[in-house]
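Comments concern the structure below.
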Amino acid sequence: MRTLIIDDEEYVRMVLEQALREEGCRVTAVKQGQAGIDALQAAPFDCVITDLRMPGMDGRAVLKWIAEHQPDVDVLMLTGHGDVKDAVDAIKHGAWDFLVKETPFDAGVVKAALSKLKTVRALRKENVAARHGGFTRDVIVEGPSKAWRILKTQIAQVAPSNAPVLIQGETGSGKEVAARLLHDFSRRATGPFLAINCGAVSRELLESELFGHEKGAFTGATGTKIGLIAAAEGGTLFLDELGEMPGPMQVSLLRFLDRNEYRPVGSTRTLQADVRIVGATNQDIQELVHQGRFRDDLLYRINTVTLRVPPLRERTEDLPALIDHILQTLRIPGATKRTVAKDALQRLATYAWPGNVRELRNVIERMILMSTGTGPITHAEVEHVLPKSTSAPQTDDPAELTLDDIERRHILRVLDASGGNKTSAAKTLDIDYKTLLAKLKKFAIDK
């Protein structure tokens with residue numbers, strides 16, 4: 001615990017400093033209230049132990065300043081005058097505890113109070129993370145496909161490290177599921193897992209969401225706010241759609257990855273946090289670097305390890321488990337869970353699934369809502385809801401394929417061989433980048 005001692009008596013400062021260092025605290029000691037404020041503005045602290053009555057700025061003034069500017073800092077008030085009125089006033093204005101300095105001074109009382117405070121602060125952090133959904137545990141559906149087993153093996157190998165991870169995959173393929181599995185396999189599994197979509201938040205709000213802000217930092221900042229990085233302390237922070245992060249925010253993220261340091265909006269303090277960063281994108285990050293939209297130094301820092309989530313069409317063996325889970329979650333309480341007929345399942349396995357698992361859920365839900373039956377979902381019901389233009393051909397005989405079918409399959413093979421890198425795929429196909437993008441749109445390929 002980072003502790004600041006403010007007391008005009010040198011003997012008290014020395015006794016407290018020695019006792020708290022024995023407890024593993026990082027201690028700074030000053031003898032004046034204004035010096036304490038200066039220290040608070042220069043470095044982060046968890047707790048302040050201040051004398052009530054001092055020359056110049058006294059303990060009440062220090063407490064008032066902390067309550068207004070750094071309300072996350074707890075204050076222990078000390079006094080040699082056991083006045084109940086002073087104690088009540090201090091607690092009323094935000095002090096965590098009020099202790100009387102006995103003669104001779106015994107630091108054991110302060111140590112006991114700090115021990116309780118450590119427990120309370122740990123619970124507070126858990127509550128903050130819980131309010132952000134940090135301890136929500138979604139069901140992870142694991143299929144038998146080789147592609148999924150390879151990914152799971154890679155995740156298990158990477159999980160024990162604290163290195164940042166970049167997860168790449170198509171829209172709806174399950175990048176957040178992979179990130180949650182990475183968290184669950186890591187030593188941070190008991191800590192929070194928090195997620196934010198960088199593309200769904202404006203630049204100004206994204207900085208505040210990640211790093212927090214001080215009171216008055218901008219219009220509407222009526223109080224101090226703890227950011228997701230602080231809330232994810234001891235856990236994992238998942239940054240979805242990382243490629244959409246604005247340039248200035250990329251600089252701040254790079255600093256955090258390099259030093260574990262960040263600065264809340266409107267603050268002069270540099271704070272630290274123990275958080276593992278996992279980023280995800282469905283874009284070609286290397287191409288974004290070429291376009292000047294993504295910093296190359298951030299890319300080199302965050303892709304220490306890169307994991308690729310396979311699209312659903314590459315792991316159709318997982319369809320039965322995924323469909324069963326989706327049907328269970330969509331089941332109306334009291335109603336019988338529906339199943340899928342064998343021929344209907346075979347038809348679903350031949351579809352290309354450009355929207356991957358997200359599209360699968362949408363299709364299953366549409367069938368349930370539009371069907372009047374209660375038995376197994378039929379082939380006819382599947383045909384009725386599947387988009388006809390993006391269904392995959394049901395034959396491997398080139399003589400029965402259209403030119404578009406052959407071209408689509410070839411583009412998919414080249415993209416897979418290049419690891420989803422569109423720039424590399426365009427060179428292999430001997431077409432320019434814009435032409436490739438046009439063809440991907442034409443064939444409903446989302447890579």
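FYI, it's all coordinate maths here, none of it is from the lab. Treat the numbers as computed from the prediction; the structure is a model and nothing was measured. FYI the Cβ positions are ideal-geometry reconstructions off the backbone, even for glycines, and counts take in every protein chain you see.
Per residue of the range 114-124, what does 6.51 cos²θ - 1.76 cosθ + 1.60 with θ = phi - 60° give for ³J(HN,Hα)? Whole Hz please, x for Gly and Pro, Karplus curve as stated.
5, 4, 5, 5, 4, 5, 5, 5, 4, 5, 4
So what's the projected area for the range 301-353, the Cα convex hull averaged over all directions, in nm²? Can you show the working numbers first?
Details: hull surface 22.5 nm².
The number I arrive at for the range 301-353 is 5.6 nm².
Sequence gap at least 6, Cα distance under 8 Å: using those rules, report the relative contact order of the chain to the nearest whole percent.
13 percent
Pop a pseudo-label 7 angstrom from the Cα along the beta-carbon direction at both Ala42 and Ala163 and give the gap in nm to one decimal.
Using points 7 Å along Cα→Cβ, the separation is 3.8 nm.
Quick check: pseudo-label points 7 Å beyond the Cα along Cα→Cβ at Arg255 and Val385, how many nm apart are they?
4.9 nm
Give me the extension gain from Arg331 to Gln346: residue separation times 0.36 nm, minus the current Cα-Cα distance, reported in nm with one decimal.
Length gained, Arg331 through Gln346: 3.2 nm.
Give Lys342/Lys441; Lys152/Lys441; Lys64/Lys215; Lys146/Lys175; Lys152/Lys337 a once-over and call out the pairs whose C-alpha atoms are over 26 Å from each other.
Lys342/Lys441; Lys152/Lys441; Lys152/Lys337
Using a simple charge model, +1 on the beta-carbon of Lys and Arg, -1 on the beta-carbon of Asp and Glu, nothing else, what dipole does the range 290-447 show about its Cα centre, in debye to the nearest 20?
On the way: 25 positive and 21 negative charges, 129 e Å.
It comes to approximately 620 debye.
Where q = 0.07 Å⁻¹, what log10 of I(q)/I(0) comes from the Debye formula for the chain, counting one point per Cα?
Reported log10 I(q)/I(0), two decimals: -0.50.
Around His93, what is the net charge, scoring Lys/Arg as +1 and Asp/Glu as -1 over all other residues with Cβ under 9 Å from its Cβ?
Cβ neighbours under 9 Å give a net charge of +2.
Would you list, by chain and number, the lysines whose Cα falls below 19 Å from the Cα of Lys434, excluding same-chain residues fewer than 8 positions away?
Lys422, Lys442, Lys447
Suppose every Lys and Arg Cβ carries +1 and every Asp and Glu Cβ carries -1, with no other charges. What dipole size does the range 260-299 come out with about its Cα centre, to the nearest 20 debye?
240 debye
Which value, in debye to the nearest 20, describes the size of the charge dipole of the chain about its Cα centre when Lys and Arg Cβ atoms bear +1, Asp and Glu Cβ atoms bear -1, and nothing else is charged?
680 debye
Using Cα pairs under 8 angstrom and six or more residues apart, how large is the relative contact order of the range 122-261, in percent?
On the way: 145 pairs, mean separation 36.4, N = 140.
This gives 26 percent for the range 122-261.
Have a look at Leu299, Gly373, His410 and report the one farthest towards the positive end of the charge dipole of the chain, computed about the Cα centre with Cβ charges (Lys/Arg +1, Asp/Glu -1).
About the Cα centre, the residue reaching furthest to the positive side is Gly373.
Any idea which of Ala352, Gln283, Gly24 is furthest toward the positive side of the dipole for the chain, if Lys and Arg beta-carbons carry +1 and Asp and Glu beta-carbons -1?
Ala352
Lys/Arg Cβ at +1, Asp/Glu Cβ at -1, dipole of the chain taken about the Cα centre: which of Leu271, Asn197, Pro387 is farthest positive-ward?
Pro387
In cubic angstrom, how much convex hull volume per residue do the alpha carbon atoms of the range 2-131 span?
105 Å³
From the helices alone, meaning DSSP H stretches of at least four residues, give me the mean residue ellipticity at 222 nm for the chain, per-run term -39500 (n - 2.57), in deg cm²/dmol to the nearest 500.
Per the formula, -14000 deg cm²/dmol.
With axes computed from alpha carbons, what is the tilt in degrees of helix 247-259 against the longest principal axis of the chain, rounded to the nearest 10 within 0 to 90?
With rounding to tens, the tilt is 60 degrees.
State, to one decimal in nm, how far the label point of Leu205 lies from the label point of Arg269, with both points 7 Å from Cα in the Cβ direction.
Taking the two extended label points, one gets 2.6 nm.
Can you list which of the trypsin sites (Lys or Arg not before Pro) found in the range 23-120 are DSSP loop residues with at most 13 other C-beta atoms within 10 Å?
Working: sites: Arg26, Lys31, Arg53, Arg60, Lys64, Lys85, Lys92, Lys101, Lys111, Lys116, Lys118; in loops: Lys31, Arg53, Lys101.
Listed in order of number, the matching sites are Arg53.
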